[in-house]
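> Take this structure first; my questions come after.
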Amino acid sequence: MANIYFDNAATTPIDPRVVNAMIPILRENFGNPSSIHTDGRISRSIIEKSRKSVASFFNASPSEFFFTSGGTEADNMILRCAVHDLGVKHIITSPLEHHAVLHTAEELAHKEGIRLSLVNVDGKGQVDLAHLTSLLAQHKEKTLVSLMHANNEIATKIPLKKVGEICKEHDALFHSDTVQTMGHYNFDFQDLNLHFATCSAHKFHGPKGIGFIYICNDVSLKPMITGGAQERNMRAGTENIYGIVGLTKALELAYEDVSGHQKEIQGIKSYMINRLRETIPGIHFNGDSESEDSLYTVLNVCFPATDIDEMFLYNLDIQGISASGGSACSSGSNIGSHVLSGIGASADRPSVRFSFGRFNSMEDVDIAISVLEKIYTKATV
């Protein structure tokens, strides 16, 4: 039976080299970074060296990076603290955002009386920049625009620099959930009007439970988690030292050859698109999956309807193919994907997200296509 992992947008397998970087920290560097003795000072130096290394990848200052448990915590902190600390009265986001942003914005609107505006999107999930500009022009109160760099389900990207320019023209704060693109694209934070960004290490072959929040030096937030002076008084709680080292190593590996990685994974994605078209008539792709500027790690496939639609993912799984029907963060829910619903995707046909990573190959695609062909042959007999 096949054993193919095509769910890298949910989480990636940890790179063995990352594990090797973490093991000495687990074994030897147990000191609390807040302690003033030698063991504590060694741990503190490891964290600050990692922070400096992380900042170097983004042409930013180490003082602008704070380690968190991941992207969900970071997104929550940005939205909640922007309202409480920066006087934000208006949040503009899209109906396709990750729930860490969308549900938080909805809660702030309900409980805090914040104005919430949803920018229009088209059938591919592209944000209507004219509508965004109109929303910013209509309302003069302090505004935070929160738009993800790339959608985790349908691969659609926003023009990050252009959105930043629009926000700057209207004196709005700009946050982008960059969880799916950190480690996969180059960023120059000096060249972007970006106030906040987020990262989760497990999206680029690092460990789970560690990420960071980028807060540009032009703004100042207070901590969302209190009870200690860690992370320069920005996040209470003893730091996850081995996770921080793992994140840093994973970033180093990711940025050794970003363009080479992109070319390789895009090749696998394009190969799968072509093989699917050749093998299964009537197939099409949700969102912006086929565009050269789409997120190259994600392909959302809309399959022809069959008698086994509700069992489609189960049939893939029992044949050893790991994929997703939508966002893995809500995989235990019976509610359909809000992203696919938001772009008007067919509810009568099964949609599957295949997402690719460093350890995938063309051979994996061939095996997956063979399994899919068998499923459809049985379903149509």
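> Among the residues of the stretch 1-27, how many are at pLDDT 95 or above and either surrounded by fewer than 17 Cβ atoms within 10 Å (Cβ to Cβ) or part of a loop (DSSP other than H, G, I, E, B) (or both)?
Residues in the stretch 1-27 being at pLDDT 95 or above and either surrounded by fewer than 17 Cβ atoms within 10 Å (Cβ to Cβ) or part of a loop (DSSP other than H, G, I, E, B) (or both): 17 in total.
> Name the single residue, out of those in the stretch 35-74 being among the polar types (S, T, N, Q) and in a helix (DSSP H, G or I), that is farthest from PHE189 (Cα to Cα).
Looking at the filtered set, the residue picked out is THR38.
> Counting only residues that are touching a helix residue (DSSP H, G or I) at 6+ places or on another chain (Cβ under 9 Å) and among the small types (Gly, Ala, Ser), which one in the stretch 279-293 is surrounded by the most Cβ atoms within 10 Å (Cβ to Cβ)?
Checked the stretch 279-293; the qualifying residue surrounded by the most Cβ atoms within 10 Å (Cβ to Cβ) is GLY287.
> Going by the conditions given, is LEU86 more than 19 Å from ILE213 (Cα to Cα) and among the aliphatic types (A, V, I, L, M)?
Here the answer is no, as LEU86 does not meet what is asked.
> Between GLY87, GLY123, which is surrounded by fewer than 15 Cβ atoms within 10 Å (Cβ to Cβ) and within 24 Å of the chain's Cα centre (by Cα)?
GLY123 is the lone residue from the list that is surrounded by fewer than 15 Cβ atoms within 10 Å (Cβ to Cβ) and within 24 Å of the chain's Cα centre (by Cα).
> Let me ask something else about it. Go through (1) modelled with pLDDT of 90 or more; (2) under 25 Å from GLY71 (Cα atoms); (3) of a type in the set (Ser, Thr, Tyr) and name the single condition SER351 misses.
Here SER351 clears every test but (2).
> Kindly evaluate ASN274 against the criterion of being loosely packed, with under 14 Cβ neighbours inside 10 Å and not aliphatic (A, V, I, L, M).
The answer is yes for ASN274.
> Another question about this same structure. Can you tell me which residue among ILE268, ILE244 is surrounded by 20 or more Cβ atoms within 10 Å (Cβ to Cβ) and either in the same structural domain as HIS205 (by TED's automatic domain parsing) or at positive phi (or both)?
ILE244
> Quick one: count up the residues across the stretch 1-22 that are over 25 Å from VAL352 (Cα atoms) and out of contact with any Pro (no Cβ under 9 Å at 6 or more places or on another chain).
5
> Considering only residues that are assigned to a helix (DSSP H, G or I) and of a type outside the set (Val, Ile, Thr), which ones fall in the stretch 222-241?
Listed by number, the residues that qualify are GLN230, GLU231, ARG232, ASN233.
> Could you list, in sequence order, all residues of the stretch 119-141 that are farther than 20 Å from ASP177 by Cβ and free of Cβ contacts under 8 Å to residues at least 60 places away in the same chain?
Passing the criteria: ALA130, THR133, SER134, ALA137, GLN138, HIS139, LYS140, GLU141.
> Tell me which of these PRO281 doesn't satisfy, since it passes every other one: (1) farther than 14 Å from VAL365 by Cβ; (2) touching a strand residue (DSSP E or B) at 6+ places or on another chain (Cβ under 6 Å).
(2)
> What are the pairs, 6+ residues apart or on separate chains, where a residue within the stretch 172-195 that is of a type in the set (A, V, I, L, M, F, W, C) has its Cβ under 8 Å from a residue that is modelled with pLDDT under 95 and surrounded by fewer than 21 Cβ atoms within 10 Å (Cβ to Cβ)?
If the second residue must be modelled with pLDDT under 95 and surrounded by fewer than 21 Cβ atoms within 10 Å (Cβ to Cβ), the pairs left are PHE174/ASN193.
> Let me ask another. Take the stretch 129-140 and flag every residue that is touching a strand residue (DSSP E or B) at 6+ places or on another chain (Cβ under 8 Å) and at pLDDT 95 or above.
LEU132, LEU135, LEU136
> Turning to a different aspect of this structure: Inside the stretch 247-265, can you point out the residues that are under 30 Å from LEU372 (Cα atoms) and surrounded by 15 or more Cβ atoms within 10 Å (Cβ to Cβ)?
Across the stretch 247-265, the qualifying residues are HIS261, GLN262, GLU264, ILE265.
> Taking GLU256 as the residue in question, decide whether it is part of a loop (DSSP other than H, G, I, E, B), of a type outside the set (A, V, I, L, M, F, W, C) and within 22 Å of PRO24 (Cβ to Cβ).
Yes.
The values are calculated or read from the model by the stated rules, or taken from the named source; none is laboratory data. Small disclaimer: the values here were computed from a predicted structure and weren't measured. Don't worry about glycine lacking a Cβ; one is built from the backbone with ideal geometry, like all the others, and counts go over all protein chains shown.
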